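For reference, the structure discussed in these notes is given below.
No lab work stands behind these numbers, since they all come straight from the coordinates. Source: prediction; values computed, not measured. Because the Cβ atoms are built from the backbone with ideal geometry, glycine has one as well, and the counts that use them run over all protein chains shown.
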Amino acid sequence: MNAKAIAPANIAFIKYWGKRDAQLNLPTNDSISMNLSNARTVTEVEFSTDFRRDKFWLNGKKRDGNELEKVSRQLDRIAEQAGKKRLFAKVESENSFPTGSGIASSASGFAALTVAAASALQLELTEQELSILARQGSGSACRSIPDGFVKWNQGESDESSFAVSLFPPEYWLIHDLIAIVDENRKQMTSSEGHELAPTSPLFASRLEYLPGAIGEIERAFSQKDFTCFGEIIEAEALSMHAVMMTSQPSLLYWSSNTVALMQAIRQWRKEGVEAYFTIDAGPNVHIICEDKNAVTVKEKLLTFPGVGSVLDNLPTEGAKLI
Ligand code: PMV
């Protein structure tokens, strides 16, 4: 009873920040993302009567405590869906991106774990059911199940909150160049951060502005209007960070290198190189540009002071068995 799956991380253009239900990971808004071709997790799951407890290796290192617990809980959910009393499992996971690169692996990790464990238990699930299960493990993991460009509809309940593909990966060749400016682990996990979102006086107005932004980004996608798209994603990342900064306690994820790069990207645009930034719950900057500008932007990033490395991603398919 074993199976192996691969799943991509994803970058959100419209972010998920704030939960209506922390147990089920039901979000306070819809979000939109792209799967990342060079940030993937491969996970193998084996259930056996020989095992006396669950064991979890990540990048060749045995994990215990909180990390193991989260994996075990996800296996419980999947076994429950299969209606089986579950056996203990061995889970081996490898990230394609460098450890400590500051790229969150929970989305790719939980998507790969869900697909591999469901298959090892001979569960035949639809994409929608896999997305729901992945969401229960880690919210944004539900967006790593479908292909390409993805929308997570917040839904009203456990059964209606899942992600769907808006466009296949080949629809639009846009790059996410991830500039690593800080390799340290973030000071506050996203789970803790989500809880603080409603303490910001800006949170309610963010939720009011989001449906309009989603409508506009969907229009920009359908017309492949990169300028409109870029302006929306940059404003949207700043909106999420404004909520983070003004929550209590205040969360400030940026370093001085983050800010320097944000300023530089705006300057490059003035000079005719069209690129936009988006930033998750950490200091690293995701630079979004069209294929025709990717080489130029990458060269600029690699010589920018404070940028340690750059990970070049194109849109890619969602989680798959291998
Ligand atoms: O899925 P989580 O709980 O790690 O939250 C993800 C939060 C952000 O990365 C900041 C935004 C997003 O939508 O991916």
Exercise for review: Could you list, in sequence order, all residues of the range 11-46 that are among the small types (Gly, Ala, Ser), more than 12 Å from the ligand (Cβ to nearest atom) and out of contact with any Phe, Trp or Tyr (no Cβ under 7 Å at 6 or more places or on another chain)?
Suggested key: SER37
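Considering only residues that are away from the ligand (no atom under 14 Å from the Cβ) and either outside any loop (DSSP other than H, G, I, E, B) or over 30 Å from ASP291 (Cα atoms) (or both), which ones fall in the range 172-183?
Start the filter on the range 172-183 by keeping residues that are away from the ligand (no atom under 14 Å from the Cβ), which leaves 172-175, 177, 179-183.
Correct list: ILE174, HIS175, LEU177, ALA179, ILE180.
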Exercise for review: Filter the range 212-227 for residues that are assigned to a helix (DSSP H, G or I) and either of a type in the set (D, E, K, R) or surrounded by 15 or more Cβ atoms within 10 Å (Cβ to Cβ) (or both) and give the result.
Suggested key: ALA213, ILE214, GLU216, ILE217, GLU218, ARG219, ALA220, PHE221, PHE226
Study note, to complete from the structure: Residues in the range 76-104 that are in contact with a Leu (Cβ under 8 Å, 6 or more places away or on another chain) and either farther than 19 Å from ASN313 by Cβ or among the polar types (S, T, N, Q) (or both) total 12
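Could you list, in sequence order, all residues of the range 28-39 that are in contact with a strand residue (DSSP E or B) (Cβ under 7 Å, 6 or more places away or on another chain) and surrounded by fewer than 24 Cβ atoms within 10 Å (Cβ to Cβ)? So that I can check it myself, show each step before the final result.
Just the residues of the range 28-39 that are in contact with a strand residue (DSSP E or B) (Cβ under 7 Å, 6 or more places away or on another chain), to begin with: 28, 30-39.
Listed by number, the residues that qualify are THR28, ASP30, SER37, ASN38.
Answer with yes or no whether LEU125 is of a type outside the set (Val, Ile, Thr), under 22 Å from TRP152 (Cβ atoms) and touching a residue at least 40 places away in the same chain (Cβ under 8 Å). It would help to see each step written out before you state the result.
Details: of a type outside the set (Val, Ile, Thr): yes; under 22 Å from TRP152 (Cβ atoms): yes; touching a residue at least 40 places away in the same chain (Cβ under 8 Å): yes.
Yes, satisfied.
Can you give me the number of residues within the range 206-220 that are among the small types (Gly, Ala, Ser) and in contact with a helix residue (DSSP H, G or I) (Cβ under 9 Å, 6 or more places away or on another chain)?
Of all residues in the range 206-220, those among the small types (Gly, Ala, Ser) come to 212-213, 215, 220.
Subsequent filtering for residues that are in contact with a helix residue (DSSP H, G or I) (Cβ under 9 Å, 6 or more places away or on another chain) retains 213, 220.
Matching residues across the range 206-220 total 2.
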